[in-house]
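The values are calculated or read from the model by the stated rules, or taken from the named source; none is laboratory data. Quick caveat: nothing in here was measured; it's all calculated off a predicted structure. Note that we place each Cβ from the backbone using ideal geometry, even for glycine, and neighbour counts take in every protein chain shown.
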Amino acid sequence: MHVMLMTYGTRGDVQPFVALGRGLIDKGHQVTLAAPERFAGFITDHDLEFTPLTDALIALMDDPQFAHASDPKASALAKLTSLFAIGKKARGLHDTLLDDIFRAIDQAKPDVIVFHPKTFGALPIGRHFGIPVVMAQLIPSFIPTGDYPHMGVPDLGPRGTLGRWYNRATGKLIYRLLNTTLRRQVCRWAARRQNGINAKGLDILQSCKSGTLPIVHAFSKAVINRPTDWPTHATVTGYWFLDGTAQTTPPDTALQNFVERHKNLIYIGFGSMPGNDPTAMAEMIVKAVSQAGVSAIVATGWGGMENINWPSNILAVREVPHDWLFPKVDIVIHHGGAGTCAAAMRAGRPSIIIPFFGDQPFWAKRLHELGVAPRPIKPAKLDAAMLARRIKTVLETPAYRKNAERVASKIAIEDGISNAIAEITHAASQ
């Protein structure tokens, strides 16, 4: 069976698909992975056939306007202005992405397509070519449920103080907005290209209910129970972890030596989220680490903190394999991205989360409910003293570590990749 995997976004959006691809290959299937060009080396290093998608949209994250939009200290007007500017720059880039999706599917002609929602065009394009399609979700964002509100709207309290009606209503509202927006994008692109793609009337939720679009969710039931009001063809498989030599081989000697020399070691990484002033963020981290009396490994990511003069008790790295490092630290401090949350819980380590936007507040709240993280810190209120207090609290409260290890033991017995492959194989046979 030839499986085309298609994803778009940051490393957190790509790595689970690499893991799934490796699992499919190990089962004897052929795999083609379409993803942003910047991840070509990462994907081919894992012996996967790679097809590039334009980097243009994801490159907007490097734009200064993105930093303004995610800056917690910026005013609402400033954020809206920045978001408008980003949206203006994105015009036309969606067509380029859809062109690449069309080309990738047309050239590969796979037996089944597994696509990330950010490559929504794969659904109507795949159907145009008569290819079965499966949607792969890393977060529970498309299907309404009464269990929790949509992550794009306020949570009014435990389970939502307006109850299941409010939760389900928010999910339906956001779903309709997303489905309509994405459908219109594809329809306008198809009309301009005159390629015969028909997206009129396309409805993801109805397709899932009818069984023509299975949706697999790559997270653990130990973290989020599968809602009982979801359609039958919406499944929760467990996480898709990328295992390999990183678990036994340190990335480099300097990092290995630093880990061996320091006790009370924490990890700090915010991906692309440090905001409009990475220097101020770095200074805050240095003070917090000093006040808490710990040592830290700081992942600079895309955040602009590469050229900081760090003290000897802090080691800065561009990136580091979470599966190798997290079991060796005492606390994981991060922005609440789905992938980082998963890696921290798998390692049995407590988190301290500073959520910036998107799905991050949702995961931050969920990890707090599980008892593996204290109450999340709002970015606008983050300072060195507050972060130092949270670090000390987590280190001095054994329950956080015990709860994290309990969740890790449940995650360990799941086989998310095998479960996903079973769903994909079934979809391809229909």
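So the values come out like this:
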quantity	calculated
Verdict on Leu367 being on the phi < 0 side of the Ramachandran plot, touching a Gly at 6+ places or on another chain (Cβ under 9 Å) and aliphatic (A, V, I, L, M)	yes
Flag if Gly171 is over 22 Å from Asp100 (Cβ atoms), of a type outside the set (S, T, N, Q) and within 21 Å of the chain's Cα centre (by Cα)	yes
Unique residue being at pLDDT 90 or above, closer than 26 Å to Ala364 by Cα and touching an Asp or Glu at 6+ places or on another chain (Cβ under 8 Å) when the list is Asp277, Asp330, Asp229, Asp243	Asp229
Members of the stretch 187-215 that are of a type in the set (Val, Ile, Thr) and out of contact with any His (no Cβ under 9 Å at 6 or more places or on another chain)	Ile204
Among the residues listed as Arg164, Arg184, the single one being in the same structural domain as Ala234 (by TED's automatic domain parsing), basic (Lys, Arg) and over 27 Å from Thr119 (Cβ atoms)	Arg164
Hits in the stretch 162-210 - residues which are within 27 Å of Gln15 (Cα to Cα) and either aromatic (Phe, Trp, Tyr) or assigned to a loop (DSSP other than H, G, I, E, B) (or both)	Tyr175
Qualifying residue in the stretch 250-257 (condition: more than 18 Å from the chain's Cα centre (by Cα), at pLDDT 85 or above, loosely packed, with under 14 Cβ neighbours inside 10 Å and at positive phi)	no
Candidates Pro110, Pro149 - the one that is part of a loop (DSSP other than H, G, I, E, B) and modelled with pLDDT under 95	Pro149
Residues located in the stretch 348-405, provided they are among the charged types (D, E, K, R) and touching a strand residue (DSSP E or B) at 6+ places or on another chain (Cβ under 8 Å)	Arg349, Arg390
Residue among Ile105, Ile25 that alone is at pLDDT 95 or above, part of a helix (DSSP H, G or I) and either surrounded by fewer than 16 Cβ atoms within 10 Å (Cβ to Cβ) or in contact with a Gly (Cβ under 7 Å, 6 or more places away or on another chain) (or both)	Ile105
Selection status of Met151, closer than 23 Å to Leu93 by Cβ and assigned by TED's automatic domain parsing to the domain that holds Asn419	no
Where Thr228 falls short, out of the listed (1) of a type outside the set (D, E, K, R); (2) exposed (fewer than 15 other Cβ atoms within 10 Å of the Cβ); (3) farther than 17 Å from His150 by Cα	(3)
